[in-house]
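Quick notes on the structure that follows.
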Amino acid sequence: MLKEVVLERIGFSHLTSSQECPELVRLKLFHCPNFVSFPDGGLHAPNLTDIKIRDCEKLGSWPEQMHTLLPSLQTLLVSWSPELDSFPEGGLPAHLKSLHIYGCKKFNANSVQNLNKGLRRLTSLEDLSLDFDGCEQVDFFPEEMLLPDTLTCLYINYLNLETMDGAKWFGHLNSLETLVFQHCSALQCLPDTGLLSSLSVLQIFECRLLAQWCRQQKAEDSPKIAHIRRIEIDGKLLIQD
């Protein structure tokens, strides 16, 4: 039995088999422009640990019953699948460790609210990337993001907020080590409170106002960023061990 299935540049529109695939460990769908949906009833793959979906322009829905049929899933990457506009009914598998979502253009306020409701149930999640490049609305983040306290790495792209409530976003993230902001043009500063001492790496790309703020804090030797061992701005080191 195949442990890995890689489908690339295939013209099919559906995966049709809903039979159990006990040996399947990794599934990759790359550049499948006509792919629309997974099998009715979901993917029966109890040992599947890794799903990567990239450039599937017509994919409009997730596998059904992911939270029960994919109990071993640890890594989920979905990029440039513009028809996805919601999250799976029932939520994502509870043991997910890495979740990466890039360029899903139909994401909106409801999509993010549904994600927010499900994040706290992901009690093993360590690595989270949220990239809303191309979304029609990029200012739909809730006041409080319910990020799981197991996170060690958080990447956010195209966040259209001027400020963030540190206590509500970061106050409980005792394991957060790496924080990355990219193309967050409105973001003016890091929170005054709630940015934990566990943070050791801050990377900023194409965030002019935030970069200016960090340089000012460095010049003033501010305690707001003094605990961060490594700060990079557009690839250049600001603070080094």
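The values are calculated or read from the model by the stated rules, or taken from the named source; none is laboratory data. In this text the structure is predicted, and so the values were computed from the model without any measurement. No Cβ is skipped: glycine too gets one built from the backbone with ideal geometry, and neighbour counts run over all protein chains shown.
Some observations on this one:
- Against the numbered list (1) within 30 Å of Asn160 (Cα to Cα); (2) at pLDDT 90 or above, Asn110 comes up short only at (2).
- Of the residues making up segment 217-241, those that are under 18 Å from Leu187 (Cβ atoms), of a type outside the set (Asp, Glu) and surrounded by 13 or more Cβ atoms within 10 Å (Cβ to Cβ) are Gln217, Lys218, Lys224, Ile225, Ile228, Ile231, Ile233, Leu238.
- Single unsatisfied condition, Trp80 versus (1) buried (at least 20 other Cβ atoms within 10 Å of the Cβ); (2) among the aromatic types (Phe, Trp, Tyr); (3) out of contact with any Ser or Thr (no Cβ under 9 Å at 6 or more places or on another chain): (1)
- Residue satisfying all of: in segment 151-175; within 19 Å of Ile228 (Cβ to Cβ) and polar (S, T, N, Q); modelled with the highest pLDDT among these: Thr152
- Count of residues meeting criterion [of a type in the set (A, V, I, L, M), within 19 Å of Cys21 (Cβ to Cβ) and not in a loop (DSSP other than H, G, I, E, B)] in segment 54-104: 3
- For Leu146, the criteria (1) crowded, with 19+ Cβ neighbours inside 10 Å; (2) assigned by TED's automatic domain parsing to the domain that holds Glu126 hold in every case but one, which is (1).
- A single member of Trp169, Trp213 is outside the structural domain of Cys135 (by TED's automatic domain parsing), farther than 20 Å from Leu237 by Cβ and not polar (S, T, N, Q), and it is Trp169.
- Among residues that are farther than 21 Å from Lys106 by Cα, at pLDDT below 90 and in the same structural domain as Ser124 (by TED's automatic domain parsing), Ser17 is included.
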